[in-house]
Every structure is written in C-alpha cells, then in structure tokens.
Amino acid sequence: MSLTVLKFGGTSLADAACIKQAAEIILSKQDRRYVVVSAPGKRFSDDEKITDMLLNSCSNPKADEIIARLAERFETIIKELDISLNIEEDLAAIRAAAEGGKREFLASRGEYISSKIMAELLGYDWIDAAKCVVFNDKGECDWNATRKATAERLSHSYRAVIPGFYGAGADGEIHTFSRGGSDITGAIVAEAAQADVYENWTDVSGFMMADPKVVKNPKPIETMTYRELRELSYMGASVLHEDAVFPAKRSGIPIRMLNTKRPQDPGTLIVPYLAPGSGGPLITGIAGKKGFYTIALEKDRMSTEADFLPRVLEVLLRNGVSFEHVPSGIDTLSIIVAADTVKGRENLIYRELTEAVNPDGIEIKQGPALLTVVGRNMAGTIGTLSRVTSALAGQGITVRMIDQGSDELNIIIGVDESCFEQAMNAIYREFVSGEEKASS
Ligand code: ASP
C-alpha cells in the first residue's frame, strides 16, 4: 500500500472545528499514516498565533497573563474535541521556561501540545520530535542523524502524529527551525518514511501563478518542479518553507500543496523533474519583491583590471552585504544587493569601495524591484523574453536590469519600485489571461 505523510499548518489547526476537519481528512484515506502538525495559528486576522504568544512570554513580566490566555485556548480545544488530555504539566513547564528565558523550548511547546491533541483525537501513536530530529552543537539540523533516528522511530509505529518545528541536541536541549519550520519536519518525516507523497495542508489551494496580493484571482499552478519552486519561493512566493524542499527533493518525493478548507481542490503538485515541453503552460509562475539596493560603479578601463570585481565583492562580504545580481557593462558594474544589509550604512560602504577600487563614480540607491518569470517550458521557446519586454513596454515601464539563467528556467527583470505591481500584472496578462483570450 502507498504511504502518505501529511503536514497541517497553523490555520488548519486554529480551533477545535479546524482540527476536526483536519482529522476527517486524515481518516478519509487509509494510507495517510504519519501526520506532522504546527501549533494553532490565527482564528481571525487580529488573533494571536500560539507560537507568538509563547515567544512573547519569554522573560516577560506579563508572562502569567499570556500563558493563562494560551492555556484557555488549548483547554477549550480539548473540551470541544471531547478528548481526555491533561496538559497541566506542560503548562507548568511553559511557565518555568518563560521565567528562565528558554526561548526555543518555549517556541516548541505549541507544536508539542497540538500534536498530543491530534494523536489523542485520532488514536494514533505520538512521537516526540526531540527523539528523532537531531540538532548539532551549532544549533543546526544534523540531516543524516535525523534521517536515521526518524526512520528508526517510525518503524515502531504504523500510524503516528509528530510535532513539527523542533528537535533536540545530544544534551536534550530543544532547538527550533526558523519560523514556518514545521514544513521541514514534514519533509524529514516523508523522507524517513519513504513516503509516496508529502501532502502539505494549508489555507490556500497551492501556489498561484502570481502573487494574489498584486494580481486579482491568479490561476493556481497545477504542477511544477522543485527547481521552479525554488526560483518562485526565493522571489517571494511563500507557501512552503524553502528548506522543506531539500529532504523531499533528495529522495524524489512529490509534494502536494492542499487547502484544508477546500480539500476537493487539486492544489499544486511539486515533482522532482518534468522535461521541458512535456505539457503545461509556457510560464509556470511569476513572483517578485521589493527590498533591493543598487550599488553602481563606474571606472574607465575597468575591464582591464582583472581583480576589480573580486575586490568589490570582498568589501561587500566583509560588511555582510548579500548580493543578488551583478549586471555589468565594459566600464560599469551594478550590484543588486539586499536593502536591509546596506540601508543606513551607505557612507561606510561608499568609503570602503572607494579605497578598494578607486572608481570614477559610485552611486548607492534604492531599487529596483525584481520580478522573476519562471517556466521549465521556456527552455528553447523563441520569443519569450521579447513577450515579457513588450508587455512592459506596452505599459511604459522601463527595464532597469535583466538576467536569464543559461538553462532558460527563469528571466529576472528589474523595474522601478513604483512600477512593480503594474509590471507583474502586465506580464500575467501577456502569458496567462492573454492566452485564455486567444484560445476562447
Ligand atoms: N509554529 C511555528 C511558526 O509559527 C512553526 C510552523 O508553524 O511551521 O512559525
């Protein structure tokens, strides 16, 4: 029989009604055997996430008040689900950790209690992630040890619920992944169980072809490859934690992104590989973000100084500036960097670059916004770039930067920040709603 690993996000577990819905989904198919859960998330837009409450309680003089609210939330869930679970000891441990300033332990307790609730409701085994997700001395996940320990532990349970987001070091100390990290635990469990599919249940029906905050009602992406997902996620399409891709990719397990509120929707299937031209639209998706600065350098005969670029990058590295793209001319060089690593330090960087390469001119300025057009089917298709630039030209938008990988999987375009939304809509219309019009 096939084996499915499921992960439910915080909004899918926000209250008893949501948890019941998730349990129905799990129980509706025999092969849904291992379940990874987040902590309860927001029930409504102004609500608090349990993980935020826990973090907020850390060394906070008002910790008792926060923990009382949190306790009430969990107790209401337990009562409404009509299960017998005593969380008094867990709450006492939370109070002690808040007083002792144990941040990561606190952050992990939402998943810890939420998983116990789900295991009790389903009648599944409960596996503590501290026993199978292994962190090293640097506080990073030890992937090999984790894979081994998780596979070993799963071999004793046919069906189990596992808390997401945390693990432990050799000394038993709890460590957490970065926020949203239950997705990573889901991928770890899928890999260790050699699952046929990793179902990731959230509050949206998969990935959309463009950012729904920018483009109205974008179409969902039916299928994409891990590499396409990486390109889109890196540039802002965030439905899945980016580190969750690696364990699943390594073992070739497909991920299906699904919506707990609309389980009938097909969602998005993410697979290891699809040959270009083997079906699907020309463009898989468009993502983008603001938050970049440009460092523009100019120097006569720059191209004859072989170590010009290495010396510039050395300055950036020394100052912790992370660079994204380096479009260049013969005697000019532009470096697109993450704004938050430069902002407020412009003078220092200006000075150090002047010392390092003695340029004729340096300009450090905000922008551009970057857009990425991603599609495995773009490889070898003539005219894609021209369609992108024509769509932008049609709106009077200047292209400030352009970058295309040699595998033709993505085209990255820089535009003025003020044109970002208009640019994304123009490209979407050109490739997605335009195609609809053409075929109708
Ligand atoms: N509960 C954690 C967070 O809010 C982890 C997760 O939900 O994936 O980030």
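Here are some notes:
- Length available on full extension from A393 to E120: 0.36 nm per residue minus the Cα-Cα distance, which gives 92.4 nm.
- With R₀ set to 56 Å, the beta-carbon distance separating S418 from W143 gives a calculated FRET efficiency near 0.85.
- Potential extension, D331-S278 segment - 0.36 nm per residue separation minus Cα distance: 14.8 nm
- Gain upon complete extension [S322, E152; 0.36 nm per residue less C-alpha separation]: 57.3 nm
- Pairs from the table (K289/K343; K42/K290; K299/K343) lying more than 20 angstrom apart at Cα are K42/K290; K299/K343.
- Net charge of neighbours whose Cβ lies under 15 Å from the Cβ of I270, counting Lys and Arg as +1 and Asp and Glu as -1: -2
- In this rough spin-label picture, where each label sits 7 Å from Cα along the Cβ direction, the Q194-E222 distance is 3.2 nm.
- Taking packing as the residue-averaged number of other Cβ atoms within 10 angstrom, the listed peptides 73-80, 194-201 run from highest to lowest as 194-201, 73-80.
- Charged side chains reduced to their Cβ positions (Lys and Arg at +1, Asp and Glu at -1) give the chain a dipole of some 780 debye around its Cα centre.
- Neighbour net charge for T294 - beta-carbon separation under 12 angstrom, K R +1, D E -1: -3
- The distance between label points at A339 and D403 comes to 1.7 nm (points 7 Å beyond Cα on the Cα→Cβ vector).
- Once the Cβ-Cβ distance of K79 and K289 is raised to the sixth power relative to R0 = 51 Å, the FRET efficiency obtained is 0.75.
- When only Cα pairs below 8 angstrom with a gap of at least 6 residues are kept, the chain shows a relative contact order of 13 percent.
- What the Cβ-Cβ distance of D90 and M1 gives, at R0 = 35 Å and to the nearest 0.05, is a FRET efficiency of 0.50.
- Heavy-atom accessible surface of the chain, averaged per residue, reaches 46 Å², computed with a 1.4 Å probe.
- Applying the criteria of a DSSP loop state and at most 16 other Cβ atoms within 10 Å to the trypsin sites (Lys or Arg not before Pro) of region 256-348 yields K261, K290, R301, K343, R345.
- Every helix of 4 or more DSSP H residues in the chain counts as -39500 (n - 2.57), and over all residues that averages to -11000 deg cm²/dmol at 222 nm.
- Percent accessible area from carbon and sulfur atoms, the chain, protein chains only, probe 1.4 Å: 49 percent
- Inter-label distance, F246 to S303: 3.9 nm, where each label sits 7 Å from its Cα along the C-beta direction.
- Mean separation of Cα pairs under 8 Å and 6 or more residues apart, divided by the residue count, gives region 237-381 a relative contact order of 33 percent.
The values are calculated or read from the model by the stated rules, or taken from the named source; none is laboratory data. No experiment lies behind these values; they were computed from the predicted model shown. Ideal geometry is used to build each Cβ from the backbone, glycine not excepted, and the neighbour counts take in all protein chains shown. The accessibility values were calculated without ligands, DNA or RNA, using every heavy atom of the protein model including side chains. Shrake-Rupley method; radii C 1.70, N 1.55, O 1.52, S 1.80 Å.
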